[in-house]
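The values are calculated or read from the model by the stated rules, or taken from the named source; none is laboratory data. Computed from a prediction, not measured in an experiment: that's the story for all the values here. Note that we place each Cβ from the backbone using ideal geometry, even for glycine, and neighbour counts take in every protein chain shown. Accessible surface is based on the protein model in full, side chains and every heavy atom, while ligands, DNA and RNA are left aside. Shrake-Rupley method; radii C 1.70, N 1.55, O 1.52, S 1.80 Å.
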Amino acid sequence: MINTVFSDSAPKRLDVFVSEQADVTRSRAAALIAEGCVLVGGGKKAKNYLLKSGDSVEIILPEPVSSEAEPENIPLDILFEDSDMLVVYKPKGMVVHPAAGNSSGTLVNALLYHCEGSLSGIGGVTRPGILHRIDKDTSGLLMVAKNDTAHNYLAAQIKDHSFYREYEAVVHGEIKSDRGRIEAPIGRHPVKRKQMAVTEKNSKDAITEYEVIKRYPGFTHVRLRLHTGRTHQIRVHMAYMGHPVAGDEVYGPKKAAGKGILSGQCLHARRLGFNHPKNGEYMEFSSELPQYFTDFLKQLEEKLNA
């Protein structure tokens, strides 16, 4: 706990003062204020409250939470496992690794329990074994490294784009061409900082190939291949193309058909291909489309045949 008195002659915003006194970021200071951990004269104030000379400020700092992920007995759907790696199916709704707001119930928590802590340490204490990730509301396959040698070998394939990743999605609109290639750099959105966007500023090259599987009234079922692995790449590229992924509440239309039917984007990481880290043998794994995906396709088929 920090007890202090503001003594400057010029007024100062509360969040700025808390940031200075507690040695935390401005956003963390604002969060502490919002959580009721900061009192001015014994009462709560807004983060933009202007402190006056003589104001007493009490800052209650919560006990630190360990950043190390804890093992949890959560069932895993494992397609392949040996002493070097696993290929695992992540269901829709599961977060890959612990982060703010998701400290437990993640894939990493489950892996730590299953592997008894035997995972590569390159990803740090919150991402042990994790080589690549898929979004919470995207289902599908991930590969996981059990040791640092395997991690480096597999990560090199991701870096040189020899790692094969194939997805399926349902997108808005009827794509005219049967196949195509999207080459558009992706970086942080210039205004919406939690989102990504096609932009030339502070961006990286991104390449996605697509192939139409079937067209429905107002929607298209597509197969997609990633040649790069940028954050939200498929979702951003398809939205940039004018065909956002169905159910995508971030990059898709706010009012759209399929909303209420889907909870999150209709996107599935269906196939993985890579060379094994020990013997170099090429291996490929695929998974069936999950029920939420097939249920949505069934509804589209019914509309098509109505």
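General remarks:
- Relative contact order of segment 17-153, taken over Cα pairs closer than 8 Å and 6 or more residues apart, is 20 percent.
- The local environment of residue 204, defined by Cβ-Cβ distances under 14 Å, has a net charge of +1 under the rule Lys, Arg +1 and Asp, Glu -1.
- Here is how the number arises for the chain: DSSP H runs of 4 or more residues each give -39500 (n - 2.57), the sum is divided by the residue count, and the result at 222 nm is -6000 deg cm²/dmol.
- Inter-part distance, segment 139-174 to segment 83-109, computed on C-alpha centroids, equals 15 Å.
- Accessible area in the full protein assembly, largest first, 1.4 Å probe, for 292, 153: 153, 292
- Whole-Å semi-axes of the ellipsoid equivalent to segment 147-199 (Cα gyration tensor, √5λ, descending): 28, 20, 11
- Scattering curve values for segment 186-306, log₁₀ I(q)/I(0), Debye with Cα scatterers, q = 0.10, 0.14, 0.23 Å⁻¹: -0.38, -0.71, -1.40
- Solvent-accessible area assigned to carbon and sulfur over segment 190-306 amounts to 47 percent, based on a 1.4 Å probe.
- A cut-off under 13 angstrom between Cβ atoms defines the neighbours of residue 98, and their net charge, with Lys, Arg +1 and Asp, Glu -1, is 0.
- Counting charges near residue 305 (Lys, Arg +1; Asp, Glu -1) among other residues having Cβ under 13 Å from its Cβ returns a value of +1.
- Solvent-accessible area, 1.4 Å probe, carbon plus sulfur percent, for segment 37-157: 51
- For segment 230-238, the Karplus equation 6.51 cos²θ - 1.76 cosθ + 1.60, evaluated at θ = phi - 60°, returns couplings of 7, 4, 6, 3, 4, 4, 6, 5, 5 Hz by residue, with Gly and Pro reported as x.
- GNM flexibility winner over the chain from 129, 42, 247 (Cα, springs under 10 Å): 42
- With DNA, RNA and ligands ignored, accessible area of residue 188 (1.4 Å probe; Å², nearest 10): 100
- Loop-located GluC sites (Glu not before Pro) in segment 124-221 (DSSP state other than H, G, I, E, B) with a sparse environment of at most 15 neighbouring Cβ atoms within 10 Å: 174, 200.
- For segment 51-132, the convex hull drawn through the C-alpha positions has a volume of 138 cubic angstrom per residue.
- Each residue of the chain gets 166 Å³ once the volume of the Cα convex hull is shared out per residue.
- Table column - 3J(HN,Hα) (Hz), segment 24-30, Karplus curve with 6.51, -1.76, 1.60, x for Gly and Pro: 10, 5, 4, 5, 5, 4, 4
- Taking 178, 55, 77 as the candidate residues, the one with maximal mean-square fluctuation in a Gaussian network model of the chain, Cα springs under 10 Å, is 55.
- Two-decimal log10 I(q)/I(0) for segment 1-124, as the Debye equation yields it once each C-alpha is a single scatterer, q = 0.14, 0.22 Å⁻¹: -0.69, -1.15
- Descending semi-axes in whole angstrom, ellipsoid equivalent of segment 225-295, from the Cα gyration tensor: 30, 16, 7
- Per residue value of the accessible surface for the chain (all protein chains in place, 1.4 Å probe), Å²: 51
- Residue pairs, from the table 214/303; 159/214; 90/146; 146/278, whose Cα atoms sit over 20 Å apart: 159/214
- In order along segment 36-46, the Karplus-derived 3J(HN,Hα) couplings, from 6.51 cos²θ - 1.76 cosθ + 1.60 at θ = phi - 60°, round to x, 8, 10, 10, 10, x, x, x, 7, 9, 6 Hz, and Gly and Pro are given as x.
- Largest GNM mean-square fluctuation among 222, 171, 24, using the chain with Cα springs under 10 Å: 24.
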